[in-house]
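Colleague: First the structure, then my questions, so here it is.
The values are calculated or read from the model by the stated rules, or taken from the named source; none is laboratory data. Just so we're clear, the structure is a prediction, and the values are computed from it rather than from any experiment. For neighbour counting, all protein chains shown are included, and Cβ atoms are generated from backbone atoms with ideal geometry for every residue, glycine included.
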Amino acid sequence: MRREPRIVAFCCEHSGKLAAGDESSSAALPDNVGIISVPCSGSVQTIDILGAFRAGADGVAVFGCHEGSCKHVTGNKMVKKRVEYVARTLEEIGWNRERVAFFPVAAVESKVFRDRLAELSENVRDRIHGYEKCLGKQSESAP
Amino acid sequence: MNHYSKTVNSGVRLERISVNKRVLVVGGGMAGLETALKLTRLGYEVTLLETAESPGGSILSLSSLYGLSGESDLLVQSRIEAIKQNPAVRVLTGARLVGVTGTVGDFRVEIEQAGQTIENRCGAIVVATGLEFGEELPGTGSPEKTISHKELERRLVDLQQSETNRSRMPSNICLIVEDEGVDSAMFSASALKNALAIKRLSKSSVFVCCDNVNVAGSGLEELYREARSEGVVIFRLEDMRPQVRETRTGLAVTVKDSSAAAPGGWQGLIEIECDLLVLPERATVPADGVSLQHLLNVSCDSDGWFQENNVWAKPVESNRRGIFFAGGCRGNFDVEDILAEAKGAALEVHNLLRHGKRLVPVGRVAVDASKCAVCLTCLRSCPHDAIEILVDDKGHNKAARIIDIACEACGICVAQCPANAIQMLADQFRDQDVAVSV
């Protein structure tokens, strides 16, 4: 049976975290998503994103504020560049660049938050099965 | 305090840091005067800077104000008098800010007045530099028949003064409220107010062309009703800009009022013949306001207005702690709003500086001096100007240091530091903790 892709979402305390809601909120998040709250999306480092992949994530989402409404003025712009850099790096090592993405979201956009996560899961799902199939074949052919 | 020590790791402690209780208010217009007055009432000493020879600002050019009793100059004069009699306010006219260093609680400012530079220290800065209306109008070809809203205000003053001027008022006047890049809220109120004033003083017909009559202010809805009942004609434009052409006797303005159109039939095109056309001019940040933005290192929006930190939650704060905005410099133009903002700014200053001490969490973010290469990346990337460079006694740069009183603990410097020398110490945000939660 195909497994669900594991998604790690870095969420800005001022937008993403609030959009995600807490455990009591009506629309619960899918089990395959892990939320990490950060003080500003700008504080998410390249190494954090790569660390998430290393720990077994299949996709990483960074949720920050919309442009122009970052509490820390430039944090969201900075992380956007950083995510772009990670995406490029992933592409260079043969992964799909769509595994990592920055999504602007407002604190009230709970639906947008879930839609974006679903979008990312969908993008990643095909990739990981292709990848694992490929790995499986290799292991069969190995002695 | 207990709550705080629960959420934050033990490396963080709270310290009392002394702050200077003198406040600098830049700009002696309505907002600046009001802020200064409120601050003195709260027990602060205020230095008020005004570039012109006397305080008052651009509100003095208005003929009247809607919704507020008293004429505009009276409103300002009473405040100027109060300021002059107040020993806690030091008014510097013909002065401007030329240098700002330091941080919240201890800003060191340089003020240039009459060729001399005065140094001053203050705990907070309130920017109330106001706005400026450009003289430029969108071209229509007939300069003597086309004037700005500001010019209309001037003529209204004449109109109120003498009977002969009244008979000279053109018989058909058309006011256009919006243009590309001009906010309707800016002129809705003044257009309605002026249309009503013309209607009451002379026998002219007045037409107001407007996309949305912006009545989101106290007393505006009533003003609108009053204007309608006095016979001011209001056209609602939607998709078409008003077309102006010259005729033998005057100007003809073609507007499309979609609410008057019959479905499938008449499109609602109306031609207004008028002798005087009033067009909106662009409101801009004054030139010294622009240089102030660089001087203070505060962010502004795409039109150059001083931007508030967070429009809803923190309406008068800037991205730097200790610097506040009030009034026209934010693109605000409603007198009541401006007064409310001035009060808000004064209260925020009070919140920041009261008791002359401030309780500050120290050590939320720490720099490892042995790793710091003084590359200045953190200094450049910090959105709150909360990083300084320590210098040893030989004048060499030693390491970066976080200024705790200005720091908002956003972690941007932590992420930007190429040497990984900056760490967040709050429990859940340390690198190793982030790795664990992954």
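Colleague: Of the residues B:Asp393, B:Asp404, B:Asp368, B:Asp334, which is more than 14 Å from chain A (Cβ to nearest Cβ) and closer than 30 Å to B:Ile59 by Cα?
Modeller: Working: B:Asp393 fails: closer than 30 Å to B:Ile59 by Cα; B:Asp404 fails: closer than 30 Å to B:Ile59 by Cα; B:Asp368 fails: closer than 30 Å to B:Ile59 by Cα.
Exactly one of B:Asp393, B:Asp404, B:Asp368, B:Asp334 is more than 14 Å from chain A (Cβ to nearest Cβ) and closer than 30 Å to B:Ile59 by Cα, namely B:Asp334.
Colleague: Taking helices (runs of 4 or more DSSP H) that fall entirely within the range A:1-110, which contain at least 3 residues that are over 12 Å from the mean Cα position of the chain (by Cα) and in contact (Cβ under 8 Å) with a residue 60 or more places away in the chain?
Modeller: Working: elements: A:16-20, A:46-54, A:75-92.
Output list reads A:16-20.
Colleague: Please count how many residues of the range B:16-50 are in contact with a Gly (Cβ under 8 Å, 6 or more places away or on another chain), surrounded by fewer than 24 Cβ atoms within 10 Å (Cβ to Cβ) and not in a strand (DSSP E or B).
Modeller: Residues in the range B:16-50 being in contact with a Gly (Cβ under 8 Å, 6 or more places away or on another chain), surrounded by fewer than 24 Cβ atoms within 10 Å (Cβ to Cβ) and not in a strand (DSSP E or B): 3 in total.
Colleague: Related question: Would you mind finding the one in B:Phe187, B:Phe207 that is in a strand (DSSP E or B) and aromatic (Phe, Trp, Tyr)? Lay out the reasoning, then the answer.
Modeller: On the way: B:Phe187 fails: in a strand (DSSP E or B).
Going through B:Phe187, B:Phe207 in turn, the sole match is B:Phe207.
Colleague: Give the residue, chosen from B:Ala88, B:Ala95, that is in contact with a strand residue (DSSP E or B) (Cβ under 8 Å, 6 or more places away or on another chain) and either at pLDDT below 80 or closer than 19 Å to B:Pro286 by Cα (or both).
Modeller: B:Ala95
Colleague: Hey, can you tell me all the residues within the range B:191-219 that are within 31 Å of the chain's Cα centre (by Cα) and over 21 Å from B:Glu281 (Cβ atoms)?
Modeller: Taking the range B:191-219 as the starting set, the residues that turn out to be within 31 Å of the chain's Cα centre (by Cα) are B:191-198, B:207-219.
Matches in the range B:191-219: B:Val215, B:Ala216, B:Ser218, B:Gly219.
Colleague: Let me ask another. For the range A:32-83, which positions are acidic (Asp, Glu) and either within 7 Å of chain B (Cβ to nearest Cβ) or crowded, with 17+ Cβ neighbours inside 10 Å (or both)? Steps first, answer last, please.
Modeller: Kept after step one, since they are acidic (Asp, Glu), are these residues of the range A:32-83: A:48, A:58, A:67.
Hits for the range A:32-83 are A:Asp48, A:Asp58.
Colleague: Restricting to the range B:212-233, give me the number of residues that are of a type outside the set (Gly, Ala, Ser) and within 19 Å of B:Asn172 (Cα to Cα).
Modeller: Total satisfying the criteria: 4.
Colleague: Right, next: Within the range B:235-250, which residues are in contact with a Leu (Cβ under 9 Å, 6 or more places away or on another chain) and without any contact (Cβ under 8 Å) to a residue 12 or more places away in the chain?
Modeller: Within the range B:235-250, just B:Arg245 meets the criteria.
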